[in-house]
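Structure record follows, encoded as structure tokens.
The values are calculated or read from the model by the stated rules, or taken from the named source; none is laboratory data. In this text the structure is predicted, and so the values were computed from the model without any measurement. Glycine also receives a Cβ, built like all others from the backbone with ideal geometry; neighbour counts cover every protein chain displayed.
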Amino acid sequence: MALRRTFLALGGLAMGVLGTGATLKYYEEALPTSLNPLFADTMVDARAQELIFDRLWYRDAITNELSTRIVARHDVAEVGRAIKITLKEGIQWHDGTTMSAKDLCFTVRAMLDSRTPSVVAAAYQEFISGCEIQGPSVALIRFRKVLPNPRERLGFAILPASQFSSTSISPDLEFSARPIGTGPFKGVRARREVIFDAFNNSHHTPSLVQLQLREGGDPLLQIRSLEGAEVEGIIVVPPGSRADLRASDEVSLKSYDLRSWWYVAVNSNRAALADKRVRQALNLLIDRNQLREFAVGVQAGDRNSPCEFISGPFVQTSPFYNRSIPTVPTANRAKADALLKSAGLERVGGRWQFNGEPITLKVGMQANLNNEATDLLEQIGNQLGDAGFDRQTSKVSADEWNQEVVSGQSDFDLVIGKWSFGLVDAVNDLFHTNGRKNIFNYSDAATDALLDEYENAITDTEQKDAYHKLHALLAEDLPYLFLWKLDTKSGWRTEVRGNIITPYFYFTEIDAWKAD
Amino acid sequence: MRFALLVRHVTVLGVVGALAGCAEDESKLPTKTVRGTASVSSNLLAQTWPVRMANDEARAAFEGKGGWRQLFIRDYAQSLSEFSRSGNRVGQARVHMELAAVYRQGAVLAANATHHVYGDDRTETDPVELQYLVGVSRAIRGDAEAALAAFADVPSGASVTARSAAWSTWLSDNPSWPPALEWLDGMSGAMGPVTVGGMPNTPSLPHFEFTERSKQRAMVKANDPTVLLALSEWHLAAARAADAEVMSILPLLMSPWRLPSEPAPVGADDAPAQISDAWLFARTLLCSEDVLFMAAVEADGGAAISQWSDRSPLAAAIAPAWDGDRLDYQKVLDQSVLVMKQAQAAMVETSGTEAGYHRPFAMFVRLGVLQAGMVVADKAGQYRDAGILRLEALERMEGGKGSIQRDPAFAMSVAAWDAGNRSVLRPEDILHNLLPDYPALTVARPPLEALHLRLNRRAPPSTPVH
């Protein structure tokens, strides 16, 4: 496979520009799974891709103003069913060739190509119908319906047509490890890290010379490395380490606006778990207060806690969160036991059995989440064990998570994970029968109906109402045990200056970052 | 209870020691990790309340005293209760003023969100009655003409028709802001008599439910931002009742929190020579001169810096960042750290030893520099740079070890600023975190959520990622 070919040795990397800027080393949650923006499956992917590519339009990290680095001019056309885009002249790809309208239309056509297995592209397919080249720098993007303010919807990254033999783009192409973009940095994924070399362009003048992304391991080692200036930053500072860094004069803790919530997904196609009462019992057996205290270091009643329980698939600050659905902070063993018995489970020798067979729950967790919630997998395993379930626990690598768990091909009974969202916290892909990220192929007609109601809603209020009803339904049917939202904080040494962090995308303003 | 916290970084002492006693001597400037220009003399620093209160006697009136401790950690309800118990009228006035600031900024948040979602982004399915809220919002935002236009769109016979008429009449009479408390009280529902140490009644929410003009006729819950104005004015009235001496300085003290529709306060001429520590403690305006300096900035912009840099520590602090036309925000960031360390060094010199409260006290100095720079940048038309300083100041109010709790009024002002930029995630977080202590701020939730929903439909598509 192309991705498994030999990667460039670190010492042999050529820089896009030689300058007097610094190199920043930072810890990420994991290595990116792909540097191709069509296949941004993880937040690590999204952040890394932001360094390499330009999105057509983006939001300013400070003023939220809609901005562009690559569009010289735009005109709404065809009575609102198209937009004519004139690209800026002289923007170079990392291979030295010049960006043109051909690249823009290629990107659109690749997104529309049904053979491109991209969840990102699928979302754009719903409203983009085509692209027509009208000049070397001019392209007309057409929509399936009238779109007011189309610029706000066009946030995709541009790909170089010359790097692909067709508009059918596979995630396995070498491009995913050695991409060519127009962004401020050229990136190459190596075995243990990703190296980003600055690339001066007509629209990007990064002050930094190089960025080195490393996979963060043990949280304590990450913090010691940061304090000892062996690295300059940590994207996700473990909650337990934040207090120490906050008091440091050498490191600044910085907020990273990202809406993330944690969950235990339940395989409702599996044996006893197919019964809603069993899932409800599991929900009552999990003591969230205890988990939060031991894994995250937040106690019940802590003021302005970074870790807040949720009762459905949204964070509590979302307009979609149904505040009438209470969270379940503590376990209720008696109620859980009653539910399990009503579902036909029997307790034999202190262990639950289903149809005469002992139940062993196979529980997995995304491995890198352990850095944020220490021993969460073991804690949940222990709670299930105390409640009478045998279990096998295992940490899941990023690749396995991506290729098997999210695609619905794992054989776990329960998986612990985290979903992250930007402004749009739509969850249809998670719970719809045809959802593209439906972990255990959960399928429920009433859920599908509400998700369709959301998609087809005419007004904002109708959308909100649909999701409020969804929240109530999912809190009852429990394809997930909903845990909490956890704020994200980054830590950067104070030598790093101008380091404005963009909500969700992180590195949008990287040109202004400097280091002594 | 002392403000004692453990000092953590022994290495800082070396830097601090180098600064102590001779801030002007560049040869003793700290290591490369602390940049900036030592522009604040030790005399100016000595004027600031954090440095003065490194003296045990100066601090005694506040340290461990019921009311002031709670105010420091921004527990205003408990603070007010303690001040009431001890009969501290100035303390009560101070808390009422802080509460007034919170609700005033809440009104701005509601107004900005409403203006965008039901004003600029109005859709044909929106209930037409929402134009009443658009009118109130535009009035708060200082656009009386647009407000009157919105009120004119409210149909007769609607639940808000009488309110629209009342607001229209008030605006048309060209009054000065704000509306009188009696008038606001009449519009908002009886809040009860102004009681020093008490809290106003708040009407139950939502105030209204309107029907969308769509096939489904979904119901839209809405609240009147007038209530938040009323709450603010109620608390200001309570502050005045608690301490009559505050009358002369209240406009200056409330200036950072004034509505867009309110004019800047008059300058230094009418202000008392000395503002007491009861009004400065736990604020980022560090001495009387800083208060007057900021009033001068409102009037004259950055030109005030050179006029005040020999008297106001904040003016001196940001002077190196001002070239006469523009503010260099990076220099303000650097100065904020340097001056904070200078203040810490000065506190060590004053108290004779390191103490746990030094860092949190000095944090107010850092925040003061950031916020002063923010205001100057805003006045200079450097909107984005002001935003950078604004967000940095918010970031530094992190709470926890070595830091200070968030100032809720400042947090609300950032939320309002964000909403003005059509940005919703941070204001939603800010509002959510404040609601347990200030439930009346729930008034601002519906328009913010409505704005989020509307932006949600216009944003680039995205799917959850792990």
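So which residues in the range A:428-454 are within 11 Å of another protein chain (Cβ to nearest Cβ) and either charged (D, E, K, R) or in contact (Cβ under 8 Å) with a residue 40 or more places away in the chain (or both), if there are any at all? Passing the criteria: A:Asp429, A:Leu430, A:Phe431, A:Arg436, A:Lys437, A:Ile439, A:Glu453. The residue list A:Ala77, A:Ala82, A:Ala61 contains one member that is more than 30 Å from B:Ala419 (Cα to Cα), surrounded by 15 or more Cβ atoms within 10 Å (Cβ to Cβ), of a type in the set (A, V, I, L, M) and modelled with pLDDT of 95 or more, which is A:Ala77.
Filter the range B:441-466 for residues that are closer than 24 Å to B:Ser232 by Cβ and at pLDDT below 95 and give the result. The answer is none; no residue qualifies.
Residue pairs whose Cβ atoms lie under 9 Å apart, separated by 6 or more positions or on different chains, with the first residue in the range A:241-258 and under 14 Å from A:Leu226 (Cα atoms) and assigned to a helix (DSSP H, G or I) and the second among the polar types (S, T, N, Q) and at pLDDT below 90, are A:Arg246/B:Ser403. If the condition is being closer than 22 Å to A:Ala61 by Cβ and touching a Ser or Thr at 6+ places or on another chain (Cβ under 9 Å), then the range B:329-365 contributes B:Lys331, B:Asp334, B:Val337. Any residue at all in the range B:141-156 that's buried (at least 24 other Cβ atoms within 10 Å of the Cβ) and under 19 Å from B:Asn421 (Cβ atoms)? No, the conditions are met nowhere in the range B:141-156.
Here is a yes/no grid of residues against (1) within 14 Å of chain B (Cβ to nearest Cβ); (2) under 30 Å from A:Glu346 (Cβ atoms); (3) touching a strand residue (DSSP E or B) at 6+ places or on another chain (Cβ under 9 Å):
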| position | (1), (2), (3) |
| --- | --- |
| A:Pro239 | yes, no, yes |
| A:Val251 | yes, no, yes |
| A:Ser255 | yes, no, yes |
| A:Ser260 | yes, no, yes |
| A:Leu291 | no, yes, yes |
| A:Arg303 | yes, no, no |
| A:Ser318 | yes, no, yes |
| A:Asn322 | yes, no, no |
| A:Val328 | no, yes, yes |
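Scan the range B:51-83 for residues that are over 19 Å from B:Trp257 (Cβ atoms), among the polar types (S, T, N, Q) and touching a helix residue (DSSP H, G or I) at 6+ places or on another chain (Cβ under 6 Å) and the total you get is 3. A count restricted to the range B:218-229 and to residues that are touching a strand residue (DSSP E or B) at 6+ places or on another chain (Cβ under 6 Å) and within 10 Å of another protein chain (Cβ to nearest Cβ) stands at 3.
Evaluation of A:Ser225 against the conditions (1) farther than 20 Å from A:Glu509 by Cα; (2) hydroxyl-bearing (Ser, Thr, Tyr); (3) touching a residue at least 60 places away in the same chain (Cβ under 8 Å); (4) assigned to a loop (DSSP other than H, G, I, E, B) shows that the sole unmet condition is (4). Applying the selection to the range B:214-231, what residues are under 28 Å from the mean Cα position of the chain (by Cα) and surrounded by fewer than 22 Cβ atoms within 10 Å (Cβ to Cβ)? Residue satisfying the conditions is B:Lys221 alone. Does the range B:407-430 include one or more residues that are more than 9 Å from chain A (Cβ to nearest Cβ) and surrounded by fewer than 20 Cβ atoms within 10 Å (Cβ to Cβ)? The answer is no; no qualifying residue exists. Each residue in the range A:56-88 was checked for being small (Gly, Ala, Ser) and either within 14 Å of chain B (Cβ to nearest Cβ) or within 30 Å of A:Lys254 (Cβ to Cβ) (or both), and 3 of them qualify.
Filtered by the rule that a residue be of a type in the set (Gly, Ala, Ser) and surrounded by fewer than 18 Cβ atoms within 10 Å (Cβ to Cβ), the range A:126-168 gives A:Ser129, A:Gly130, A:Gly135, A:Ser162, A:Ser165, A:Ser166, A:Ser168.
Inspection of the range B:71-81 finds no residue satisfying the criterion of being free of Cβ contacts under 8 Å to residues at least 40 places away in the same chain and part of a loop (DSSP other than H, G, I, E, B).
Would a scan of the range A:457-475 turn up a residue that is assigned to a loop (DSSP other than H, G, I, E, B), within 14 Å of B:Asn456 (Cα to Cα), in contact with a Ser or Thr (Cβ under 7 Å, 6 or more places away or on another chain) and without any contact (Cβ under 8 Å) to a residue 60 or more places away in the chain? Yes, the range A:457-475 contains a residue that is assigned to a loop (DSSP other than H, G, I, E, B), within 14 Å of B:Asn456 (Cα to Cα), in contact with a Ser or Thr (Cβ under 7 Å, 6 or more places away or on another chain) and without any contact (Cβ under 8 Å) to a residue 60 or more places away in the chain. Among strands (runs of 3 or more DSSP E) entirely within the range A:280-376, having at least 3 residues that are within 26 Å of the chain's Cα centre (by Cα) and assigned by TED's automatic domain parsing to the domain that holds A:Asp386 singles out A:307-309, A:360-366.
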